[in-house]
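The values are calculated or read from the model by the stated rules, or taken from the named source; none is laboratory data. Fair warning: this is a prediction, and the values are worked out from it, not measured in the lab. Note: ideal-geometry Cβ built from the backbone for every residue, glycine included; neighbour counts use all protein chains shown.
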Ligand SMILES: Nc1ncnc2c1ncn2[C@@H]1O[C@H](COP(=O)(O)OP(=O)(O)OP(=O)(O)O)[C@@H](O)[C@H]1O
Ligand SMILES: [Mg+2]
């Protein structure tokens, strides 16, 4: 028996519980780990029946097992299908793995049982099974269509996917490539997305493509994918959404916006040409008539008989002179009206000069100091853009005069690298976001629209201290209208 004692001593160095038994099932030795595992004191197990380590209801089964084992004695490794339930001294039970090896001694065969408590593993497995069940239930019953694919081959779909794609059954979808449901024009997008890195996916957001239902009908689809493991293999779980209504609404909105913009562009240019026509008419007709009138008065004065007939001549000359200066004043007024109607200076001297003139005229009329700084070559701005900028400055200055209560305005225009930058800054009472966005703010709306026609941008705000700044950035080489194409719009319906 000493050699058994020696063996048990050696087993003290093992992390696992070791119990030695003889053919009859008597415990011949157990290491400290075994005693601790089963809740006994060191040495307490020696001489006891192995049965006490097994729950009562299982003892019979265990005995049968034991005799079977003696019939075909071999080494049985741990985890080789030998599940075992251990019973502690206090009666509590725990799941364990057991491995058996026979060992011949002069006193007969000894069975070495190595027992490992697997409670933790069993709990983990349980938890995993539960969480898998929860996931399954969630996905199976989700009203969102959810599909799992491995490199494009469908390995799982929920019922909602079957309904979305009008497929005969879930089974009918398994094993197929989901590219089968994507029209050729969009397969490139899908493949590209499948090869994208998570960062790229994050940046691009959900994938928008068209898809085909079982009945051949096409619809807009939004797909949000996340990487998962399915059956041990890398896979992707994709949430699919029919967004046809959303896309249609968006397209309608965009179309109507585009139409409005075109209408606005059309109205602006119609207004400009109408103003031009009126200005020409005033200039040619009224201007001509006034000039003729002025000449007539001058010649009338000449033909008056000399000598004062009872002071009559003096009165007539006086009247004629006042008529003449009235005509001069009218010509001045007419010129001003013409200039306002049509920026003639813009055509003859260019944008910079026209804005400088506008500033001078503004200062003269309102008494508000107006400084202008202009840099760069305004030849780069074509007639339509120059007119837009001119009108923007004009409306902005009108606003300053009407609303700001300012004493100073500064206009800075800079043309650089085919971009025109303009800012008009006043030192008035400032403007609020509500005022800017108010539905009746047609002046500001017009300013923005004029810029937008040429792909420009306007920002209006009161920064820091007092006053309002209107800033414009206008590309001078861009196309007339921003295309504004949507993500999905490049494939026609
Ligand atoms: N420079 C400014 N300083 C202070 N308030 C301003 C200034 N510019 C605009 N606002 C405010 O913004 C509002 C909207 O301006 P907007 O030019 O759109 O309309 P409006 O000048 O009132 O009318 P309209 O220009 O159509 O004749 C103004 O009513 C005013 O309250
Ligand atoms: Mg206004």
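Does residue 171 meet the test of being over 20 Å from residue 246 (Cβ atoms) and at pLDDT below 90? Lay out the reasoning, then the answer.
Numbers: over 20 Å from residue 246 (Cβ atoms): yes; at pLDDT below 90: no.
Spelling it out, it is not the case that residue 171 is over 20 Å from residue 246 (Cβ atoms) and at pLDDT below 90.
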Hits in the range 212-239 (condition: surrounded by 14 or more Cβ atoms within 10 Å (Cβ to Cβ) and outside any strand (DSSP E or B)): 213, 214
Filter result for residue 362 (assigned to a helix (DSSP H, G or I) and within 16 Å of ligand 2 (Cβ to nearest atom)): yes
Test: residue 421 is under 30 Å from residue 283 (Cβ atoms) and either touching a residue at least 24 places away in the same chain (Cβ under 8 Å) or more than 34 Å from the chain's Cα centre (by Cα) (or both): no
Candidate set from the range 425-444 (those that are within 8 Å of ligand 1 (Cβ to nearest atom) and within 20 Å of residue 358 (Cβ to Cβ)); member that is farthest from the chain's Cα centre (by Cα): 428
Check on residue 460, under 25 Å from residue 381 (Cβ atoms), more than 8 Å from ligand 1 (Cβ to nearest atom) and either modelled with pLDDT under 95 or surrounded by 13 or more Cβ atoms within 10 Å (Cβ to Cβ) (or both): no
Answer from 381, 388, 406 - the residue that is touching a helix residue (DSSP H, G or I) at 6+ places or on another chain (Cβ under 7 Å), farther than 30 Å from residue 288 by Cβ, within 12 Å of ligand 1 (Cβ to nearest atom) and touching a residue at least 60 places away in the same chain (Cβ under 8 Å): 406
Filtered residue count, the range 422-455, keeping only those that are modelled with pLDDT of 95 or more, away from ligand 2 (no atom under 14 Å from the Cβ) and under 12 Å from residue 392 (Cα atoms): 2
Any hit, the range 262-282, residues being closer than 30 Å to residue 208 by Cα and not in a loop (DSSP other than H, G, I, E, B): yes
